[in-house]
Structures are given as structure tokens and as C-alpha cells.
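K.L.:
Please read through the structure below; I'll follow up with questions.
The values are calculated or read from the model by the stated rules, or taken from the named source; none is laboratory data. Here the structure is a predicted model, which means the values were calculated and not measured. Neighbour counts run over all protein chains shown; Cβ positions are idealised from the backbone, glycine included.
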Ligand SMILES: Cc1ncc(COP(=O)(O)O)c(C=O)c1O
């Protein structure tokens, strides 16, 4: 909850308290250099024992509530007909308004099943922006992903409150160009992960639904961060200032023909599901569930996680739950801006995104500025962030790098994990790094998988810049931290 201090600063004060903690330590900088070298300058390769603050992602790393943990104790492990599933079904009906639900092991499994049923080779799938696993699944099944976001989406210094909106004219043009029969469905992501956690507005979603329905095109909503998107709608879309998070979520869902999510985000569990009110859609996807995931009443999830998800779904409608990461991200971004560090504006959901193109403009996209920045952030702080730039794009069919629209080092703010002092520490080290940015150079691949290379690829720093950066760090802070 935002509380205005006597000095005028708006502080995001947590409406929860800590009950269980995990010990963390800050490995000294020389050890961090060794860890980064062993990880192949890819933050995915680090071990958590070497990480002080894990801001890689909010995926599966949000703190669960006491009620979620308690629910896990009463799970029903029956292979078929588990009561835990029926609690999930009730929550999905109550909060999202869908009658049919298919539990899957995580978001990409939902994408896999939807892709198998709805995508035909030579199809196109228009969307407000792609997510890595979404694009990989749809392209593997032969479709082309069309990003038809508003042009402002790529302006990292924008004040546009809804950079996750789809460009309606581009959507109509897509329908004219390809014809509705070649459009598998239109997909909207709440909030757009790869371009700064930016939300869409309900006005935009309604307009998309109308255009799609006029042409018999299904609207698929990826609701992985639906409660954060709803919170940002409440804050930023005038007509919804006085509408509850629950009612905003209900309205988003009422427009969706198919709704899926990664439960690892807004639900604060590990799992996911596909939901719909269309019996025919449900019947088409259903047979794939036992084939690829598991029986209908657990799919890909453990029944413990299903119980926790049933609770997490209801809890995400609490404005203090929906807003707690968003407000900490806002605070984080504002503090960095005060210190001159370039971040994506306006701040969105999920993470504080540092703009590598402005942070290290001397590194060309072919030398992976966001990857280099993510590595440098770790070296000077022990904070693990994630590259969201050209490393996260796979090469084209000719083996060329595909330059990403944006080059971001994403510092995720998992729900209920970090306090203001953690954020202040991150701000301090990022500010120091910005002042020493000339020491950061590019990266080159030494091992490179052909699909989703950002997960497992290994890189090396050009001209050993990691060692130079660590030397400068020790001159300022010594070698103990
Ligand atoms: C918007 C979005 N969709 C899908 C996924 C994939 O979900 P998962 O990681 O649970 O497979 C993610 C993961 O971060 C996501 O952010």
C-alpha cells in the first residue's frame, strides 16, 4: 500500500509480514567473478549459493502466503477425481468466470497444447508481443508470430500508460492481408514480459475482441500476470479507478475465448492451466492433457500445488497482493532515474528493466549489450538479473542473429521477497556500475543451442572486461563484498 511520508515521498509499505525466512549471503567479488566465468557469462548458469538477490525472474519465486502453505497440507493425491482439483475448478470459476479448466505443469505446457490444437502450418498469430516460449511453440508448429504492438512500445522513455496495447489498425491490416482463416487466433499477454512488463488497457482489449469477433477469430489471453495488469488498469485507466481488481479481472476474462496462464506468477505457485467457457474448445484440447501432461484432475501439477493455486487465485484479487510488486518496481525505477540510470518507463509489472542500449551504448547488438549488462550487474552486486535482448532471440534460418527490439537487463521483483533495503542496495550498485559503464564490453558465444539459446548458451567476455570491472570494484569497495 502506498503511504505518503512527511517528506512527500510515496513509500510502498508491505501489507504482509515475514514468517519464514531463507538465509542468504553475499559472496565476495572475486568469487563472483569465478562463478560468472563458470556460468559462461550467462546468469542462468549461476548456482544460487553464489547469488545474493535472485532477480532473474518472478516465475515460481514469489513468496507463498500462510494460507497457501496450509492448503498444501490437505491435498488429495488421488490419481483421478482428486478433491484438490475441484477446489481449483471452484476458484477458477469464482475469480475468472470459466467453467472448464485443464491444469498443466507450467505456462509453456499450456502454449504447447493450444498450439497443437489451433495452429496449422502457414498460419499467423498476431499478438501484442511474443514471449520466448510462446514464439518457440507456435513457430515449431509452423506459424509466423506477428508483433503488432503500438509503436510507442519500443520507446523506453515513454509516459504512455499502456505500452502493452495492440495497434488496432495493424490488427485490421493483418486480417486484410492474411484473411481470418490463416489467423489461428489473436493473443494478448498481460503484461508484456519482454518489453518491460507493460500492461494493456481494457479499452484496447474490448476493441480487439470486437474486431476479432467480427471476423470469427478467437481471442486468447495469456494471463500469467493478470492481477498486476488489472492493478495497472485500476491505476491508469480512468474508467476503472473505482473498480475492484476482481471486477477488472472478470471483465478481462469475459472477453477471452481461451485463457491460459503460468501459475508461477500472479498465482504464486508452480503450475498453470488453460480455461474456457466454450465446451467445444475444451473438448478439443482435453484429449491432449493425459497424453502430454497427466490425468484431467491433476494434469502436470502436484496436488499440493493445485491446492495452493486454488488459494493463490483468490488472493490475487486483493489490491495489496496485486499491487505489492508493482509498487516496489515503481519505487526501484524512480530511485534509479533519480541517479541517472536509464530504465524503461513507465515502470510496469514483473521487473525493473534497465535499458542496455542507453546504459552501454558503445556495445553493438551483435555483441549482446543486455547480456553483458546482466553479467556486469552480477559481478558488482551479487544480484542475478536476466538478459532480455538479442541473446533471447534465436538465430534466423540463415544463421544470423536477429536483433531484438529492445536490449534490457531485467531485474525481476518477485512478490513479497525483497524489502526497501534490498532495493536501495541494488540502486547503489547499479549507480556505481553506470558510473563505470565504459569498463563493460561485449560478449561472444562459445556454446550455442539452436532453440531458446538464452537458457543454456555459454558466452565469454571480449577482452576480459570482467576482470577489469572487478579490479575497479575492489578499488571502490574492497574485496569483502
Ligand atoms: C507471459 C508469459 N507467458 C508464458 C510464460 C511461460 O510460463 P512458464 O515459465 O511457467 O512455462 C511466461 C513465463 O515467464 C510468461 O511470462
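K.L.:
Report whether or not residue 220 is touching a helix residue (DSSP H, G or I) at 6+ places or on another chain (Cβ under 8 Å), more than 24 Å from residue 324 (Cβ to Cβ) and within 12 Å of the ligand (Cβ to nearest atom).
P.N.:
yes
K.L.:
Also, I was wondering about something else. Inside the range 222-314, counting only helices (runs of 4 or more DSSP H) that do not spill past its ends, which hold 2 or more residues that are out of contact with any strand residue (DSSP E or B) (no Cβ under 7 Å at 6 or more places or on another chain) and within 20 Å of residue 98 (Cα to Cα)?
P.N.:
226-236, 245-254, 279-285
To keep it simple, each residue is scored yes or no on (1) at pLDDT 95 or above; (2) crowded, with 21+ Cβ neighbours inside 10 Å; (3) part of a loop (DSSP other than H, G, I, E, B); (4) touching a strand residue (DSSP E or B) at 6+ places or on another chain (Cβ under 7 Å).
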| site | (1), (2), (3), (4) |
| --- | --- |
| 425 | yes, no, no, no |
| 446 | yes, no, no, yes |
| 466 | yes, yes, no, no |
| 471 | yes, no, no, no |
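K.L.:
So if I check each of 300, 263, which one is modelled with pLDDT of 95 or more, within 16 Å of the ligand (Cβ to nearest atom), more than 19 Å from residue 209 (Cβ to Cβ) and buried (at least 19 other Cβ atoms within 10 Å of the Cβ)?
P.N.:
263
K.L.:
Hey, among the residues in the range 173-211 that are farther than 23 Å from residue 323 by Cβ and free of Cβ contacts under 8 Å to residues at least 40 places away in the same chain, which one's nearest to the ligand (Cβ to nearest atom)?
P.N.:
Looking at residues that are farther than 23 Å from residue 323 by Cβ and free of Cβ contacts under 8 Å to residues at least 40 places away in the same chain, I get 207.
K.L.:
I'm trying to understand the selection: among the residues of the range 1-19, which are assigned to a loop (DSSP other than H, G, I, E, B) and in contact (Cβ under 8 Å) with a residue 12 or more places away in the chain?
P.N.:
First, the residues of the range 1-19 that are assigned to a loop (DSSP other than H, G, I, E, B): 1, 5-9, 13-19.
Those that are assigned to a loop (DSSP other than H, G, I, E, B) and in contact (Cβ under 8 Å) with a residue 12 or more places away in the chain: 1, 13, 14, 15, 16, 19.
K.L.:
Now for a separate question. Being assigned to a helix (DSSP H, G or I), free of Cβ contacts under 8 Å to residues at least 12 places away in the same chain and within 16 Å of the ligand (Cβ to nearest atom) narrows it down to one residue among 169, 139, 152; which is it?
P.N.:
139
K.L.:
Going by what's in this entry, would residue 97 be described as more than 16 Å from the ligand (Cβ to nearest atom), over 14 Å from residue 309 (Cα atoms), out of contact with any helix residue (DSSP H, G or I) (no Cβ under 8 Å at 6 or more places or on another chain) and at pLDDT 95 or above?
P.N.:
It is false that residue 97 is more than 16 Å from the ligand (Cβ to nearest atom), over 14 Å from residue 309 (Cα atoms), out of contact with any helix residue (DSSP H, G or I) (no Cβ under 8 Å at 6 or more places or on another chain) and at pLDDT 95 or above.
K.L.:
Inspect the range 89-97 for any residue being outside any helix (DSSP H, G or I) and in contact (Cβ under 8 Å) with a residue 40 or more places away in the chain and give the result as yes or no.
P.N.:
Of all residues in the range 89-97, those outside any helix (DSSP H, G or I) come to 97.
Next, from what is left, pick out any that are in contact (Cβ under 8 Å) with a residue 40 or more places away in the chain: 97.
The answer is yes; a qualifying residue exists.
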